[in-house]
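Novice: Before I ask anything, let me first share the structure, which is written out below as structure tokens.
Just so you know, all these numbers are worked out from the coordinates, no wet-lab data involved. Predicted model only: the values in this text are computed from it and were never measured. Note that we place each Cβ from the backbone using ideal geometry, even for glycine, and neighbour counts take in every protein chain shown.
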There are 4 protein chains.
Amino acid sequence: MLEELKKEVYEANMLLPKYNLVTFTWGNVSGIDREKNLVVIKPSGVEYEELSPEKMVVVDLDGNVVEGDLKPSSDTATHCVLYKHFSNINGIVHTHSPWAVVFAQAGLEIPAAGTTHADTFYGPVPVTRAMKEEEVVTDYEKQTGDVIVETFTERSLDPDQIPAVLVNDHGPFTWGKSPLDAVHHAVVLEEVAKMTYHTIQLNPHRIDMDQYLLDKHFLRKHGKNAYYGQTK
Amino acid sequence: MLEELKKEVYEANMLLPKYNLVTFTWGNVSGIDREKNLVVIKPSGVEYEELSPEKMVVVDLDGNVVEGDLKPSSDTATHCVLYKHFSNINGIVHTHSPWAVVFAQAGLEIPAAGTTHADTFYGPVPVTRAMKEEEVVTDYEKQTGDVIVETFTERSLDPDQIPAVLVNDHGPFTWGKSPLDAVHHAVVLEEVAKMTYHTIQLNPHRIDMDQYLLDKHFLRKHGKNAYYGQTK
Amino acid sequence: MLEELKKEVYEANMLLPKYNLVTFTWGNVSGIDREKNLVVIKPSGVEYEELSPEKMVVVDLDGNVVEGDLKPSSDTATHCVLYKHFSNINGIVHTHSPWAVVFAQAGLEIPAAGTTHADTFYGPVPVTRAMKEEEVVTDYEKQTGDVIVETFTERSLDPDQIPAVLVNDHGPFTWGKSPLDAVHHAVVLEEVAKMTYHTIQLNPHRIDMDQYLLDKHFLRKHGKNAYYGQTK
Amino acid sequence: MLEELKKEVYEANMLLPKYNLVTFTWGNVSGIDREKNLVVIKPSGVEYEELSPEKMVVVDLDGNVVEGDLKPSSDTATHCVLYKHFSNINGIVHTHSPWAVVFAQAGLEIPAAGTTHADTFYGPVPVTRAMKEEEVVTDYEKQTGDVIVETFTERSLDPDQIPAVLVNDHGPFTWGKSPLDAVHHAVVLEEVAKMTYHTIQLNPHRIDMDQYLLDKHFLRKHGKNAYYGQTK
């Protein structure tokens, strides 16, 4: 079942090592079939070179395995929460890519410091609050999803316009219109985190870009007035 | 038309990923035929692996497409302004190469800190002032070119001796006697930005090199008394 | 003799250049046969491209060569001390991987700053005290092992839960259930050192992660309640 | 003439791009035949992929071309001064490798901060004083050599024990018993510069290693009591 989506999720997973976003098995990509409400996700702890489309695991939105011989990613419950609450997204990526992790470990959001950021993220990439002990001890992975949703809800952020988050002391999740789109956002996030880390070191007093420049760059690539690229 | 120049511009574009100057499609190279006043430039948002000489777009100096099925780079208007005002240049490169972007986001010029810089740039690489709201909202890409020209004019800088600029909160443009020469300058700029960033961290009180050392290194490679290399 | 272990140790050694952990010959891996009390280790100063399983050297736990035409690694005595005192380990790695060396040269432990660290190391990775002159002049390599053991003993650290140490002003040693496992820990150590170095630069006032998050991540991968991956 | 040495110098030059020590043509290696007092050196400004043993240039110790159709490296006069004054060296390397340049541009020596340094350099790697205007204007390359020799003479440094120097605001020169040995030292210098730069950022109050540890590591690899590696 879902052979096409399995192939798509498999190929998106294989892009993580290609773009140097993962060490060993530290990352996973999923995709969702919105009609069937089924999620396809990488199996837990399996090396990338051993993956194949057939090894992808199919789960329902409560994380129950529907098809597959392997255990799904230990982060499956987080993915499911995000699919339930962010209704436009069809792909999710989790990695421990180093520059994004640096901000997550520092407990700091990634400010919008220039047009490279603005081309993809319509404002700072937020960091969640630290998770509480009771959230970590019980249903940790589900509650990781909850604290991401809380971050977007309480700050009135639009997950379609800021398709990334840093989980405090942990690392990044990104998402998008497809698994491939989510990987694209993971690559941009890592590049932007690297650039902005060094900008802060070089000139900490001048980080936030002008709002009108942020508007211009995000909106020339997204929405009905976009004019970048060949489509539209 | 312009088959030779298309091939040259195509090959120069393909050097951007080779030298690790671009992520995805974040960069473009153009070249100009000064007799015909026509510019050949990369199409907008097309992946490098899908490029070919035939896909290059020909525009006039007002940015109107003269030949080609694809839309030209969204930065075309910036290139056109530079070709109009910097009369000796025949190639232009724009990238978001990370170390140059770090200085652009910090709003800081790259000081001339050593002979690696002086071999190519005859003085600091300037950063433009921040663009004003009205410059961003209307004719943004053309006005980006205008603010670059203003930077060189107001500071009496010679674009032939300093073939690079940082656009504030955005990134670098470089140029040269040919598209290939402009790529060469983009590579040097990125290397120099990396070195000088770390020099500033290590010893912020001692950055600017002696003027006579700057003179020596620039002039042993450029101008009528040059003696580096095999020609002359 | 020990043909299987030689092959295993050879292959583990060849992973050091693959994972960019060594420059030239600056690293070595060993493995132990706990029944025979014999250690297989890389020969001293031999280039990785010239290695083969047959060139591995067999020594007893006092470092005497039992088989092999080549001299064993100059660090052999350190390995032997660790095998004697850390009874559950079957493989050891020594490298000069740069980010781990940075902490060793700074004389600082690597704090547990996030879940990437916690997935492998159950607490900070310790740094030894500086070695005394008499320890360096005589039996230096053996005493290097002694000061590592002292570090774990005096601070009541469990080498099975923190499979790495930084030798002051020198570099890292890691170990594990097998030579391959020890290499795995060397890779993680380097990645974690890189991330946490930059976290300290970005936000020095907020480094240590919550103990309950450390517990959660270490214990979901290790011990009887682990649930990460396909086994168990 | 000197076919063997030309091949050796050619191969040593080709290691510079292999070890990521050069961008474009920013580096050169030479070797000397001490009996004939002739130096073989890379031609000036020629791309590495276009080099061959036959293109190497033979000069005498005053820098006069004895054989070869191409102009020798513009740094030839510096090499000649070093060969005249450092009588045990048979190979010299000059690069603009970035981490070494960072220290050169900062005007700071590379302190001996750990055993990785001590294994190759018996003390800090010195930086020259800034060159004076008259030294730069006239006979610049020869006087670059003179200021290197002055640095070693005035501080009573032994070029056989510290086979590297940083020329102020310029970059590194290294040397050795052969062209290959000089390249080896250039690689180590770059690695050590990278490590120690970050150590200074992490803990500026604790850089210099103990003298007895420096002695131990340098002398276990060099001199009559060396015991590292397979020879001796």
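Novice: To the nearest 20 debye, what charge dipole does segment B:121-199 have about its Cα centre, counting +1 at the Cβ of each Lys and Arg and -1 at the Cβ of each Asp and Glu? Walk me through the numbers on the way to the answer.
Specialist: Working: 6 positive and 14 negative charges, 59 e Å.
In total the dipole reaches around 280 debye.
Novice: Cα centroids of segment C:143-182 and segment B:38-58: how far apart, whole angstrom?
Specialist: Cα centroid of segment C:143-182 versus Cα centroid of segment B:38-58: 55 Å apart.
Novice: About the Cα centre, and with charges only on the beta carbon of Lys, Arg (+1) and Asp, Glu (-1), how big is the dipole of the protein assembly as shown? Nearest 20 debye, please.
Specialist: Values: 84 positive and 136 negative charges, 80 e Å.
Around 380 debye, computed over the protein assembly as shown.
Novice: While we're looking at this one, here's another question. Give the residue from C:H79, C:L189, C:N13 lying farthest towards the positive end of the charge dipole for segment C:3-221; charges sit on Cβ (+1 for Lys and Arg, -1 for Asp and Glu) and the dipole is referred to the Cα centre.
Specialist: So the residue we want is C:L189.
Novice: Which chain C residue sits with its beta carbon nearest the axis carrying C onto B, and how many Å away is it, rounded to a whole number?
Specialist: Nearest Cβ to the rotation axis, residue and whole-Å distance: C:Q201, 5.
Novice: Quick one: angle between helix D:3-18 and the longest Cα principal axis of chain D, in degrees between 0 and 90, rounded to 10, please.
Specialist: Roughly 50 degrees, rounded to the nearest 10.
Novice: A further question on this structure: Roughly speaking, what % of Cα-Cα pairs in chain A are separated by over 25 Å, rounded to a whole number? Can you show the working numbers first?
Specialist: Numbers: 10315 of 26796 pairs.
When all Cα pairs of chain A are counted, 38 percent exceed 25 Å.
Novice: Considering all projection directions equally, how large on average is the shadow of the alpha-carbon convex hull of segment D:71-119, in square nanometres? Could the numbers behind the result be given before it?
Specialist: Details: hull surface 20.2 nm².
Averaged projected area of segment D:71-119's Cα convex hull equals 5.0 nm².
Novice: Same structure again: Would you kindly work out, in nm and rounded to one decimal, the distances from the label point of D:E134 to those of the same position in each other copy, ordered shortest first, with label points 7 Å along Cα-to-Cβ?
Specialist: 5.8, 5.8, 8.2
Novice: Just list whichever of B:K18/B:K216; A:K42/A:K84; B:K18/C:K42; B:K6/B:K224; C:K42/C:K84 have alpha carbons separated by over 27 Å in the model shown.
Specialist: Working: B:K18/B:K216 31 Å; A:K42/A:K84 19 Å; B:K18/C:K42 37 Å; B:K6/B:K224 31 Å; C:K42/C:K84 19 Å.
Flagged as over cut-off: B:K18/B:K216; B:K18/C:K42; B:K6/B:K224.
Novice: Looking at segment D:31-70, which GluC sites (Glu not before Pro) are DSSP coil and have at most 12 other C-beta atoms within 10 Å of their C-beta? Display every interim value, and only then the final one.
Specialist: Details: sites: D:E35, D:E47, D:E49, D:E50, D:E54, D:E67; in loops: D:E35, D:E47.
Answer in residue order: D:E35, D:E47.
Novice: Two-decimal Rg/Rh of segment B:1-98 from alpha-carbon positions, Kirkwood Rh? Don't jump to the answer; show the numbers that get you there.
Specialist: Working: Rg = 12.1 Å, Rh = 13.1 Å.
Ratio of gyration radius to Kirkwood radius: 0.93.
Novice: Which whole-number percentage describes the relative contact order of chain D, with Cα contacts under 8 Å and a sequence gap of 6 or more?
Specialist: Values: 448 pairs, mean separation 48.6, N = 232.
The value is 21 percent.
Novice: DSSP beta bridges in the protein assembly as shown, what fraction antiparallel, as a percent rounded to 5? Numbers along the way, then the final one.
Specialist: Numbers: 100 of 104 bridges.
Percent antiparallel among DSSP bridges in the protein assembly as shown is about 95.
Novice: If you line up the long axis of helix A:140-154 against the longest principal axis of chain A, both from Cα atoms, how many degrees apart are they, to the nearest 10?
Specialist: Tilt of helix A:140-154: around 30 degrees.
Novice: How shielded is C:212-220 by partner chains, expressed as the average number of their Cβ atoms within 10 Å of its Cβ atoms? Before the final figure, lay out the partial values.
Specialist: Values: counts 8, 10, 2, 3, 6, 4, 0, 0, 3.
Mean partner-chain Cβ count within 10 Å for C:212-220: 4.
Novice: Now for a separate question. Along the positive direction of the dipole of segment C:113-164 (beta-carbon charges: Lys, Arg +1; Asp, Glu -1; about the Cα centre), which of C:H117, C:P159, C:V127 reaches farthest?
Specialist: Selected residue: C:H117.
Novice: What ranking do A:9-15, C:186-192 get when scored by the average of other Cβ atoms within 10 Å per residue, highest first? Write down the numbers at each step before the final one.
Specialist: Details: A:9-15: 21.7, C:186-192: 25.6.
Descending packing order for the listed peptides: C:186-192, A:9-15.
Novice: What list of whole percents do you get for P(r) of segment B:138-203, with Cα-Cα distances grouped in 10 Å bins up to the one holding the largest distance?
Specialist: Bins of 10 Å from zero give 18, 43, 32, 6, 0 percent of pairs.
Novice: Continuing with the same structure: Roughly how crowded by other chains is peptide A:112-124, in terms of the mean Cβ count from those chains within 10 Å of each of its Cβ atoms? If you can, show how the numbers build up before the last one.
Specialist: Values: counts 1, 6, 12, 10, 10, 3, 2, 3, 1, 0, 0, 0, 0.
Going residue by residue through A:112-124 and averaging, the value is 4.
Novice: Next up: Quick check: the angle from helix B:211-221's long axis to the longest principal axis of chain B, C-alpha only, nearest 10 degrees?
Specialist: Once rounded, one gets 40 degrees.
Novice: Here's something else I'd like to know. Between copies, how close do the A:E4 label points come, placed 7 Å along Cα→Cβ, listed in nm from shortest?
Specialist: Once sorted, the set of distances for A:E4 reads 4.9, 4.9, 7.0 nm.
Novice: Ok, one more. Across peptide B:16-27, how many C-beta atoms of other chains are within 10 Å of each residue C-beta, on average?
Specialist: Working: counts 0, 0, 0, 2, 0, 0, 0, 8, 7, 2, 5, 0.
Whole-number average of other-chain Cβ neighbours for B:16-27 is 2.
Novice: Please list, by residue number, every one of the trypsin sites (Lys or Arg not before Pro) in segment B:76-137 that is coil in DSSP and has at most 14 other beta-carbon atoms within 10 Å. Provide the component values of the computation, followed by the final result.
Specialist: On the way: sites: B:K84, B:R129, B:K132; in loops: B:R129, B:K132.
Counting only loop positions with at most 14 other Cβ atoms within 10 Å, the trypsin sites (Lys or Arg not before Pro) in segment B:76-137 are B:R129, B:K132.
Novice: Follow-up question, since we're still on this one. By average Cβ neighbour count within 10 Å, what is the ranking of A:74-81, C:158-165, C:111-118 from highest down? Present the calculation step by step, with values, prior to reporting the outcome.
Specialist: Values: A:74-81: 23.2, C:158-165: 20.2, C:111-118: 25.5.
So the order, starting with the most tightly packed, is C:111-118, A:74-81, C:158-165.
Novice: If you scale each eigenvalue of the Cα gyration tensor by 5 and take the root, what three semi-axes come out for the protein assembly as shown, rounded to whole angstrom and sorted largest first? All intermediate terms of the calculation are to be shown ahead of the outcome.
Specialist: Values: eigenvalues 364, 364, 111 Å².
Working from the Cα gyration tensor, I get semi-axes of 43, 43, 24 Å.
Novice: Give me the percent relative contact order of segment B:146-232, please, defined on Cα pairs under 8 angstrom at least 6 residues apart. Provide the component values of the computation, followed by the final result.
Specialist: On the way: 48 pairs, mean separation 10.2, N = 87.
Once normalised by length, the contact order is 12 percent.
Novice: Once you list every other residue whose beta carbon is under 13 Å from the beta carbon of A:G27, what net charge do they have if Lys and Arg are +1 and Asp and Glu are -1?
Specialist: -3
Novice: Turning to a different aspect of this structure: What size of dipole, in debye to the nearest 20, comes out for segment C:3-221 about its Cα centre when the only charges are +1 on Lys and Arg C-beta atoms and -1 on Asp and Glu C-beta atoms?
Specialist: Values: 19 positive and 34 negative charges, 128 e Å.
About 620 debye.
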